[in-house]
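Read through the structure below, which is laid out as structure tokens, and then see the notes.
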Amino acid sequence: MSLPPLRIGTRGSALALWQAERMRARLGERGVDVELVIVRTSGDEGSPRPAQYLEGKGLFTKELEDALLAGRIDAAVHSLKDVGAALPTGLVLSAYPEREDPRDAIITRVGGTGGLGGLPSGARVGTSSVRRAALIRAHRPDVEVVALRGNVPTRVNRVRNGELDAAVLALAGLRRLGLDTGALPLEAMEFVPAPGQGALAIETRSDDTATNFRIAPLDDSAVRMAVTAERAAMAELEGGCRVPLGALCVSVNGRSTLYLKVLAVDGSRSLTTQGAVDPRDPVAGGIAVARVLLGQGAAELIRGGASFGNEVVQR
């Protein structure tokens with residue numbers, strides 16, 4: 001007897017649909033029939049939320065997780081950077097299928113190779129991430145950071161039509177949608193990406209043995225190791241709630257290193273560290289490197305809250 005179609009929940013944005021279709025194609029190669037179920041989330045355009053519009057953990061995931069727990073879908077596809085460190089009871093990230101380039105990128109109105117450093121003083125630079133806002137302010141305190149609302153194509157269009165001078169977005173999303181023409185990647189050791197940036201994650205119910213069995217072949221062990229270290233550091237630093245935190249685990253010649261960066265929201269201060277991660281225990285590695293940063297005073301920066309302009313969100 002054939003199994004019923006696997007119901008995969010997704011947001012309706014262009015990027016979310018691309019990611020879900022990608023997973024449907026990969027599962028289809030393994031003979032798994034997939035039905036996509038579009039679920040509206042708080043992060044979708046037109047959804048009510050604060051005027052300052054800050055990206056945060058749960059903004060794009062809560063309704064999908066509610067649908068999972070209610071049994072309306074069997075799995076949900078997420079951009080991992082949107083997933084909080086603590087999952088709702090009964091849910092698990094059952095597969096990390098792939099990871100695009102994790103770096104941030106800048107798109108400018110006039111194009112060219114000048115990047116962030118080539119913008120004139122007073123330029124208006126859009127972002128929806130407090131981490132990116134803090135990094136922009138740290139590198140260019142003379143530009144204006146503008147809260148940027150909308151999906152990826154909308155954000156790019158606001159630059160293309162001259163409404164903004166530039167925008168900083170995840171390179172992964174730009175590439176997946178074919179919108180990376182003219183985008184300049186930012187140096188990852190300076191603009192340390194968000195934990196899990198560029199990676200996809202499939203969330204399921206922990207007790208759904210049949211679904212987890214069908215999803216398991218998509219898991220990439222190298223991606224799982226890296227993002228597990230990054231997310232362990234995020235949890236230890238309590239960085240899941242709109243904190244300017246970057247984390248990136250890089251493996252070269254069999255050696256894995258985790259880079260961490262925490263900033264004040266105005267970019268005036270930052271702390272960075274790095275440390276080795278044992279691939280056999282990435283959780284322990286992530287926690288250990290995070291504790292080095294805490295020893296440097298990271299908790300003080302984290303307690304500062306997150307803001308755009310005069311709007312502040314306290315933890």
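Throughout, read-outs are computed from the coordinates displayed, never taken from laboratory work. Values in this document were obtained by computation on a predicted structure and should not be read as measured data. When we count neighbours, we look across all protein chains shown, and the Cβ atoms used for this are built from the backbone with ideal geometry, even at glycine.
May I ask for the net charge around Arg137, where only other residues with Cβ less than 13 Å from the Cβ of Arg137 are counted and Lys, Arg are +1 while Asp, Glu are -1? So the surrounding residues net to +1. Each helix, a run of at least 4 DSSP H residues, gives -39500 (n - 2.57); summed and divided by the residues of the chain, these come to -8500 deg cm²/dmol at 222 nm. Counting neighbouring Cβ atoms within 10 Å and putting the fewest first, the residues Asp219, Asp165 line up as Asp219, Asp165. Secondary structure note: in the chain, about 75% of the DSSP beta bridges are antiparallel. Across the chain, the mean sequence separation of Cα contacts (distance under 8 Å, 6 or more residues apart), normalised by length, yields a relative contact order of 20 percent. Counting neighbouring beta carbons within 10 Å and listing from fewest to most, the residues Arg137, Arg175, Arg40 come out as Arg40, Arg175, Arg137.
For Cα pairs less than 8 Å apart in space and 6+ apart in sequence, what is the mean separation divided by the residue count of segment 170-275, i.e. the relative contact order in percent? Here the relative contact order equals 23 percent. Computed on segment 220-303, with alpha-carbon pairs under 8 angstrom and 6+ residues apart, the relative contact order is 33 percent.
For segment 175-265, which GluC sites (Glu not before Pro) pass both filters: DSSP loop (anything but H, G, I, E, B) and at most 11 other C-beta atoms within 10 Å? Filter output for segment 175-265: Glu187. Beta bridges per DSSP, both residues in segment 104-185: antiparallel share near 55 percent.
Projecting the Cα atoms of Ser94, Pro217, Asn161 onto the dipole axis of the chain, where Lys and Arg carry +1 and Asp and Glu carry -1 at the beta carbon, places Asn161 farthest toward the positive end. Counting every other Cβ atom within 10 Å of each residue's Cβ, Val292, Val277, Val227, Val146 order from fewest to most as Val292, Val146, Val277, Val227. Measuring spread by the Cα atoms of segment 104-185 yields a radius of gyration and Dmax of 11.2, 32 Å.
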